[in-house]
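Visitor: Just passing along the structure, written as structure tokens.
The values are calculated or read from the model by the stated rules, or taken from the named source; none is laboratory data. Source: prediction; values computed, not measured. Here the Cβ positions follow ideal geometry from the backbone for every residue, glycine too, while neighbour counts run over all protein chains shown.
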Amino acid sequence: MAHTANDAGRRNLLVDHLEAVAELAREFADPLGAADEGFLAGLWHDLGKFADEFQRYLRRCEEAPGTRPGSVDHKAAGARLAVECGLPIVGWLVHAHHGGLRSRQDFLAWLRQHADSPRVAEAWSRAAQEGIPLDPGPVNRASPTDPLDAELLIRLLFSALVDADSLDTEAHYRPEIAAARKHALSAGDLLERFLEGRRALLGDRSGSVLDERRERIFGDCLKAAEHPPGIFRLTVPTGGGKTLSAMAFALRHARLHGLRRVVVAVPYITITEQTAAVYRQVFGEDTVVLEHHSGSVESFADGEEQDSAGLWHRLAAENWDAPIIVTTTVQLFESLFSNKRGRLRKAHRLARSVIILDEAQALPPVLLEPTLDMLVRLSRDYSTTVVLSTATQPAFDVIPAFAEVEAREIVPSVADDFRAFSRVRYRWQLDSAVSWEEVASWVTEHERCLVVVNTRAQALELLEQVVGVVDADGVFHLSTLLCGRHRRDALERIRSRLTAGLPCRVVSTQVVEAGVDLDFPVVFRAVGPLDSVIQAAGRCNREGRLDAGEVVVFRPGDGGMARGPYTQGAQITEALAADGLDLDDPATIDEYFRRWLNGVGPDARAIQDARRHFDFPQVARRFRMISDDTVDVAVPYGITPEQLDVVLGRLATGSGGRDTLRWLQPYLVSLRRFEFDDAVRRGLATPLTEGLGRWDGPYDPVRGLVIEGFVPTDLVL
């Protein structure tokens, strides 16, 4: 036996399992140039199960369903065999295939401890009797000499092995679930459907000068798709049709060069939802676009039956076996740098794919060196095309990992396009600090306006000033003090009021920037990094209905903002503004990024050093885009407290799984740990599990989570 009997009473035979996993792993590892190593890792990963002790263990499991009577190692036989055959990477993968990738030192120490177990020789003997080859013969192996190349290969091979193992195990226990995964589409198959869907979505255009430019940008993207896989820049001003043009490039590029899927990664969940909705409109089919992020599953926790499309989404999220994936940069990169089986399982799907990094300027500066290095190696060694897509293109060539990269511009007429799409006038008020009372007076002069500030505390202070002088019904607040569903509902109400021409005044942190589809005639922005200022301006006169919108950049009296690179960016912005800024000139943006990136540590956490030493757990700990020092609290927004208690009860007792956590995600607010501890002392929150609590205090329909008398920390978001 490889696995106990399924619901039909049929056991999964070990020889069948090993051969099936080996073939799948070979297929998945072929794009990595390591088909033989993938095959052998699959063939030997469960070799230790041939030992009598493990077979007795499985029979005990059958006799007591739902229990695990102890544990018996089954990895040492395959790991030792691989090492003795001169294939240490294969041995490492066998060791890791359940518990995750450990460091090289940990693997070798484990092997010394387990290699002489009598079960190893017994398993080898029985495997040979059953016809499992123990001599691999000639192996066409991938043998990178650079440690970082080898580290990435191990990650991708590990991904190929665990995906193959998971799929074959699922086919045994849940054949009906395995059947729901089937699809025949690749990204290249979707080009005609996309072009037709885009025509239907856009309808009859007026033929304006800007429409003509959008079409020309779209044509540039289709033309640039002919270039071979590599690294590309897509620099398109706000309003230039970047979302659809990027997909046009990706799909035609995939068709011409045999690439398999398109992965669109954006910085915030709000943009992910918006982008996925646009693509679903275009394709018109539920099993083409996979939207995958922490809040993308909102059912299944209460026992609801899933329709076929919902089931496909859940399954495809496990291993990204879909033609188009829309995800967050956090999901993409924290998975790629993880050492865990579940998170890394999807990584091999990135080979021979197109990765579109939307709003590329939002990549965390302290992680730029390992992030860009990973992208460069995927592109160079695994035929992955990377598109850096943004209106504010960062000067990444100042980062060592990107210094020698030749990134091709998709749209050649960048400077002309920025002039053509210019829709705002900037007014800089930086000579003296401005009080929140004065900012509130500006807001009252405009029925529809947006104010973007740097911290949650600033947003709350300004909000109190504004609601004191205008009708609160048309005042909105957006920050991470609102749970995800609350923010989404608020955005829908804001759009509705703007469309109807009703009073609409919004006070927000940066959550409203970078792609959120709102259109205000006036935007006020507290001074910050230049790319953030430009992103805020993208919410002003977005549809071009005015000759020019107005963007006022001011210096708040309290001066609060997140420390480190964010503050450095704001200081550089002020220095450039003092000399006069032309934000319709891409050269200005380039100059800003060169100054800013030269002043940050692109690998401040020494991740590259940990990678060179093959310390996979340490890499995963250091590569965190979101601070670990936070606690999520569940709030009763949009659901009753009783419904929330049922879900939290399942998690507290261990009966709730990943789907339950995903269902809960839209109802969570993140607090820094000291904020959470303070709330617990006040009786406003209850700890449940590590990193999760229940909010027992007030939750306001405008302000969101409220801790009376406590000023939120100066998080950017």
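Visitor: Restricting attention to region 353-367, and to residues there that are modelled with pLDDT of 95 or more and more than 18 Å from residue 397 (Cβ to Cβ), which single residue is surrounded by the fewest Cβ atoms within 10 Å (Cβ to Cβ)?
Guide: 355
Visitor: Another question, if that's okay. Looking at this structure, is residue 370 part of a helix (DSSP H, G or I), crowded, with 22+ Cβ neighbours inside 10 Å and at pLDDT 90 or above?
Guide: Yes; evaluated as a whole, the condition is true for this residue.
Visitor: Sticking with this one: Which one is modelled with the highest pLDDT, of the residues in region 634-686 that are of a type in the set (D, E, K, R) and within 21 Å of residue 292 (Cα to Cα)?
Guide: 662
Visitor: Does residue 114 qualify as being closer than 22 Å to residue 159 by Cβ and at pLDDT below 95?
Guide: No, not satisfied.
Visitor: Assess whether residue 618 counts as being under 30 Å from residue 418 (Cα atoms) and modelled with pLDDT of 90 or more.
Guide: no
Visitor: Filter region 496-553 for residues that are farther than 24 Å from residue 436 by Cα and among the small types (Gly, Ala, Ser) and give the result.
Guide: Scanning region 496-553 gives 496, 500, 501, 514, 515, 544, 548.
Visitor: Go through region 302-351 and count every residue that is modelled with pLDDT of 95 or more and surrounded by fewer than 20 Cβ atoms within 10 Å (Cβ to Cβ).
Guide: Total satisfying the criteria: 1.
Visitor: Filter region 373-407 down to the residues that are modelled with pLDDT of 95 or more and among the charged types (D, E, K, R), then identify the one that is surrounded by the fewest Cβ atoms within 10 Å (Cβ to Cβ).
Guide: Only one residue fits best here, namely 380.
Visitor: For region 11-37, which positions are in a loop (DSSP other than H, G, I, E, B) and in contact (Cβ under 8 Å) with a residue 60 or more places away in the chain?
Guide: 33, 34
Visitor: For the structure I just gave you, tell me whether residue 487 is in contact with a strand residue (DSSP E or B) (Cβ under 8 Å, 6 or more places away or on another chain) and over 15 Å from residue 701 (Cβ atoms).
Guide: Taking the combined requirement at face value, the residue does not satisfy it.
Visitor: Name the residue that is nearest to residue 340 (Cα to Cα), counting only residues in region 62-96 that are of a type in the set (Val, Ile, Thr) and modelled with pLDDT under 95.
Guide: So the residue we want is 72.
Visitor: Do you know which residues across region 38-81 are of a type in the set (D, E, K, R), outside any loop (DSSP other than H, G, I, E, B) and touching a Leu at 6+ places or on another chain (Cβ under 9 Å)?
Guide: Listed by number, the residues that qualify are 49, 80.
Visitor: I've got another one for you. Among 536, 577, which is of a type outside the set (Lys, Arg), farther than 20 Å from residue 366 by Cα and touching an Asp or Glu at 6+ places or on another chain (Cβ under 6 Å)?
Guide: 536
Visitor: Could you give me the residue pairs with C-beta distances under 6 Å whose first residue belongs to region 414-430 and is acidic (Asp, Glu), whose second residue is surrounded by fewer than 18 Cβ atoms within 10 Å (Cβ to Cβ) wherever it lies, and which are 6+ apart or on separate chains?
Guide: Matching pairs, first to second residue: none at all.
Visitor: Kindly provide the set of residues from region 588-610 that are small (Gly, Ala, Ser) and in contact (Cβ under 8 Å) with a residue 60 or more places away in the chain, ordered by number.
Guide: Across region 588-610, the qualifying residues are 601, 604.
Visitor: Let me ask something else. Tell me which of these residue 534 doesn't satisfy, since it passes every other one: (1) among the β-branched types (Val, Ile, Thr); (2) touching a Phe, Trp or Tyr at 6+ places or on another chain (Cβ under 9 Å); (3) outside any loop (DSSP other than H, G, I, E, B).
Guide: Here residue 534 meets the rest and fails (2).
Visitor: Quick one: which residue in 127, 180, 164, 142 is touching a Phe, Trp or Tyr at 6+ places or on another chain (Cβ under 9 Å) and over 30 Å from residue 285 (Cβ atoms)?
Guide: So the residue among 127, 180, 164, 142 that is touching a Phe, Trp or Tyr at 6+ places or on another chain (Cβ under 9 Å) and over 30 Å from residue 285 (Cβ atoms) is 127.
Visitor: Anything in region 469-504 that is charged (D, E, K, R), under 31 Å from the mean Cα position of the chain (by Cα) and not in a helix (DSSP H, G or I)? List them, or say none.
Guide: none
Visitor: Given the criteria over 23 Å from residue 546 (Cβ atoms), of a type outside the set (Asp, Glu) and either in the same structural domain as residue 388 (by TED's automatic domain parsing) or surrounded by 15 or more Cβ atoms within 10 Å (Cβ to Cβ) (or both), does residue 219 qualify?
Guide: So residue 219 does not fit the description; no.
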